[in-house]
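Note sheet for the following structure.
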Amino acid sequence: MEEKLDEKNSKYIVEYDRTNCIGADMCTFVDPENFKMNEDGKADLVKGEDKGDGQFVRFTNENMEDMGSPLRRAADSCPAAVIRITEIATGRRVAGAPERK
């Protein structure tokens, strides 16, 4: 059985603000395995954990330093900047929207 990933055994966290998704479909175009368009015109993060208020997270050990990573490309291509990827150990933003201060 595959071990469930969480912040203790994962390198990165993918955060997705579905509430502010504008339905541009860029994430589903560049990463159809991890993002799917829903009937309401917004994308869903595949295997994303619902944190409430339209916020979803997913933990991964996929190499996000690779510019060709589909998840990283999805985060970087989102015109609404609602996908963020952060390295858990350092808190460093790897891809997507800049940190909000």
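Quick one: would you say ALA81 is of a type outside the set (S, T, N, Q), touching a residue at least 24 places away in the same chain (Cβ under 8 Å) and surrounded by 13 or more Cβ atoms within 10 Å (Cβ to Cβ)?
No; evaluated as a whole, the condition is false for this residue.
Just for the range 53-101: of the residues that are of a type in the set (Lys, Arg) and at pLDDT below 90, which one is nearest to ASN9 (Cα to Cα)?
Step by step, filter the range 53-101, then rank; the result is ARG100.
Between a first residue in the range 46-59 that is without any contact (Cβ under 8 Å) to a residue 24 or more places away in the chain and at negative phi and a second residue that is among the hydrophobic types (A, V, I, L, M, F, W, C) and assigned to a strand (DSSP E or B), which pairs have beta carbons less than 7 Å apart while being 6 or more apart in sequence or on different chains?
VAL46/PHE35; GLU49/PHE56; GLU49/VAL57; ASP50/PHE56; LYS51/VAL57
Just give me the residues in the range 1-36 being buried (at least 16 other Cβ atoms within 10 Å of the Cβ) and assigned to a strand (DSSP E or B), in sequence order.
Answer for the range 1-36, where residues must be buried (at least 16 other Cβ atoms within 10 Å of the Cβ) and assigned to a strand (DSSP E or B): TYR12, ILE13, VAL14, GLU15, TYR16, ASP17, PHE35.
The values are calculated or read from the model by the stated rules, or taken from the named source; none is laboratory data. Small disclaimer: the values here were computed from a predicted structure and weren't measured. When we count neighbours, we look across all protein chains shown, and the Cβ atoms used for this are built from the backbone with ideal geometry, even at glycine.
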